[in-house]
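K.L.:
To start, I am sharing the structure in question, which I have written as structure tokens.
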Amino acid sequence: MMIHRRFLPRFAAILLLAAASSLGVTVATVHAAPPTGYLPAIPYTEAAGTPQLLDLYLPSAHPGGPAPLVIYFHGGGFISGNRANSGFPLPWGSVADIAHALNQRGYAMASVDYRLSPQSQWPAPVFDVKAAVRWLRAHADTYGFDATRFAAWGDSAGGYMANILGTTGDVPELEGDGGNPEYSSRVQAVADWFGPADFTTMNSQALPGGLPHDEGSPEHQYLGCAPSRCPERARAASPINYVSSDDPPFLLQHGVLDHLVPFEQSVQLSTALRNVGVRTQFFGYQSTDHEFVGAVDPRMIRQQFFEFLDLTLGHRG
């Protein structure tokens, strides 16, 4: 029998395994160590023929076992943005900076793209973020993170995505068909940075001179209609209307002078969560606008965020 030299190593391995088996020797299975570092542009689902992508930032070591995972959703008013925030640093830092800090603390991080409006309207982007959570859970063993310790985090429109994940759990009509249906889209913690919570009240809560939230607004683009003209759709898309006692712990951080997403959105959501017994931390920052522009120290914001994650995900790093 002629064996091509290309297959000799594999053939030799087969012979060794066969010999070991005949001698009653137990052969241990060697599992590859999970990857580390930055893994960009991983497809997690496909929508309308277009792959939706995420980036992974993985810690270099797992001293306490599989790493808890923080899943980031970018802002952009539902109509713009991407998983790297276009690489622009914001007052709180850049996506890569926060990912590095989380990795140093023993966390893995995923940064997720989702479909944007007006090309895609509610609930399509929600289907995407839920598909991302399910994909990440399905591949937790491959990448070395703990499928039971997921936190959703986002800013602005991304804060909305974190909120909707936290309050809808496994609501069937919002799961979509983006793959891995056997896995849950639930998360174990939510960090909402100035995200919308109730589309029916945003316009009345806007500051004088602030962004309108009705005709022609980003919410109009996202819903496909002005909230005042489609109140039932606006209510159905609002995270606050799904709040229940089994929701995970929430962290809300918001500038009081936010002229894009009214501060009262976080006041309203924190009240609803606390009224049903959900563990909630809420920090409002005086003299601070959207994206934490203003007087607040970004280091304090990040520290509060990290401490919340340590408390809720039971960090073991």
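The values are calculated or read from the model by the stated rules, or taken from the named source; none is laboratory data. Because the structure is a prediction, the values reported are computed rather than measured. Ideal geometry is used to build each Cβ from the backbone, glycine not excepted, and the neighbour counts take in all protein chains shown. With ligands, DNA and RNA removed, areas are computed over all heavy atoms of the protein, side chains included. Shrake-Rupley method; radii C 1.70, N 1.55, O 1.52, S 1.80 Å.
K.L.:
List pairs: first in region 239-253 and charged (D, E, K, R), second outside any loop (DSSP other than H, G, I, E, B) and surrounded by 24 or more Cβ atoms within 10 Å (Cβ to Cβ), Cβ under 6 Å, 6+ apart or cross-chain?
P.N.:
Taking only residues 6 or more apart or on different chains, the pairs are D247/G166; D247/T167.
K.L.:
For N275, only one of the following conditions fails: (1) open to solvent by less than 60 Å² (accessible area, probe 1.4 Å); (2) out of contact with any helix residue (DSSP H, G or I) (no Cβ under 9 Å at 6 or more places or on another chain). What is its number?
P.N.:
(1)
K.L.:
Can you tell which of F308, F292, F250 is at positive phi and either open to solvent by less than 20 Å² (accessible area, probe 1.4 Å) or among the polar types (S, T, N, Q) (or both)? It would help to see each step written out before you state the result.
P.N.:
Details: F308 fails: at positive phi; F250 fails: at positive phi.
That would be F292, the only listed residue that is at positive phi and either open to solvent by less than 20 Å² (accessible area, probe 1.4 Å) or among the polar types (S, T, N, Q) (or both).
K.L.:
Further question on the same structure: Answer yes if at least one residue in region 224-245 is closer than 19 Å to V133 by Cα, surrounded by fewer than 20 Cβ atoms within 10 Å (Cβ to Cβ) and not aliphatic (A, V, I, L, M), and no otherwise.
P.N.:
Taking every residue of region 224-245 in turn, at least one turns out to be closer than 19 Å to V133 by Cα, surrounded by fewer than 20 Cβ atoms within 10 Å (Cβ to Cβ) and not aliphatic (A, V, I, L, M).
K.L.:
Tell me, please, whether a residue that is touching a residue at least 60 places away in the same chain (Cβ under 8 Å) and among the charged types (D, E, K, R) can be found in region 167-185.
P.N.:
No; the residues of region 167-185 include none that is touching a residue at least 60 places away in the same chain (Cβ under 8 Å) and among the charged types (D, E, K, R).
K.L.:
Can we say A147 is among the small types (G, A, S) and in a helix (DSSP H, G or I)?
P.N.:
Taking the combined requirement at face value, the residue does not satisfy it.
K.L.:
Right, another one. Just give me the residues in region 185-196 being in contact with a strand residue (DSSP E or B) (Cβ under 9 Å, 6 or more places away or on another chain) and either small (G, A, S) or modelled with pLDDT under 95 (or both), in sequence order.
P.N.:
A189, A191, G195
K.L.:
Going through region 92-113 one residue at a time, which ones are open to solvent by 10 Å² or more (accessible area, probe 1.4 Å) and either closer than 23 Å to C225 by Cα or not hydrophobic (A, V, I, L, M, F, W, C) (or both)?
P.N.:
Matches in region 92-113: G93, S94, D97, H100, N103, Q104, R105, G106, D113.
K.L.:
Which of the residues belonging to region 276-317 are more than 21 Å from the chain's Cα centre (by Cα) and in contact (Cβ under 8 Å) with a residue 12 or more places away in the chain?
P.N.:
Selection gives V276, G277, G284, Y285, Q286, S287, T288, D289, V293, G294, V296.
Residue-by-condition table, conditions (1) among the hydrophobic types (A, V, I, L, M, F, W, C); (2) farther than 28 Å from G284 by Cα; (3) touching a His at 6+ places or on another chain (Cβ under 8 Å):
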residue	(1), (2), (3)
F199	yes, no, yes
H220	no, no, no
E232	no, yes, no
A236	yes, no, no
N241	no, no, no
L251	yes, no, no
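K.L.:
Looking at A138, A152 in this structure, which one is surrounded by fewer than 22 Cβ atoms within 10 Å (Cβ to Cβ) and in contact (Cβ under 8 Å) with a residue 24 or more places away in the chain?
P.N.:
A138
K.L.:
Next question. Taking Q268 as the residue in question, decide whether it is in contact with a helix residue (DSSP H, G or I) (Cβ under 7 Å, 6 or more places away or on another chain), on the phi < 0 side of the Ramachandran plot and either part of a strand (DSSP E or B) or open to solvent by less than 40 Å² (accessible area, probe 1.4 Å) (or both).
P.N.:
In short, no.
K.L.:
Within region 271-314, take every residue that is assigned to a helix (DSSP H, G or I) and of a type in the set (D, E, K, R) and give me the one that is farthest from N241 (Cα to Cα). Let's see the steps before the verdict.
P.N.:
Narrowing region 271-314 to residues assigned to a helix (DSSP H, G or I): 271-275, 290-292, 298-313.
If we keep only those that are of a type in the set (D, E, K, R) as well, we get 274, 291, 299, 302, 307, 310.
On the way: R274: 14, E291: 25, R299: 33, R302: 29, E307: 28, D310: 28 Å.
The extreme case among them is R299.
K.L.:
Continuing with the same structure: Which pairs have Cβ atoms under 7 Å, sit 6 or more apart or on different chains, and link a residue in region 56-82 that is within 18 Å of L309 (Cα to Cα) to one that is in a strand (DSSP E or B) and basic (K, R)?
P.N.:
P68/R149; L69/R149
K.L.:
While we're looking at this one, here's another question. Pull out all pairs, ordered by first then second residue, where Cβ-Cβ is under 9 Å, the residues are six or more apart or on different chains, the first lies in region 186-213 and is among the aromatic types (F, W, Y), and the second is open to solvent by 70 Å² or more (accessible area, probe 1.4 Å) and assigned to a helix (DSSP H, G or I).
P.N.:
Every condition considered, the pairs that remain are F199/R233; F199/R235.
K.L.:
Another question about this same structure. What's the number of the only condition in (1) open to solvent by 30 Å² or more (accessible area, probe 1.4 Å); (2) farther than 24 Å from V171 by Cα; (3) β-branched (V, I, T) that V261 fails to meet?
P.N.:
(1)
K.L.:
Please list, ordered by residue number, the strands (runs of 3 or more DSSP E) wholly in region 38-132 having 3 or more residues that are on the phi > 0 side of the Ramachandran plot and not acidic (D, E).
P.N.:
Counting at least 3 such residues, we get no strands (runs of 3 or more DSSP E) at all.
K.L.:
Out of the residues in region 159-187 that are of a type in the set (S, T, N, Q) and either surrounded by fewer than 19 Cβ atoms within 10 Å (Cβ to Cβ) or farther than 29 Å from T288 by Cα (or both), which is nearest to the chain's Cα centre (by Cα)?
P.N.:
Going through the qualifying residues, I end up with S185.
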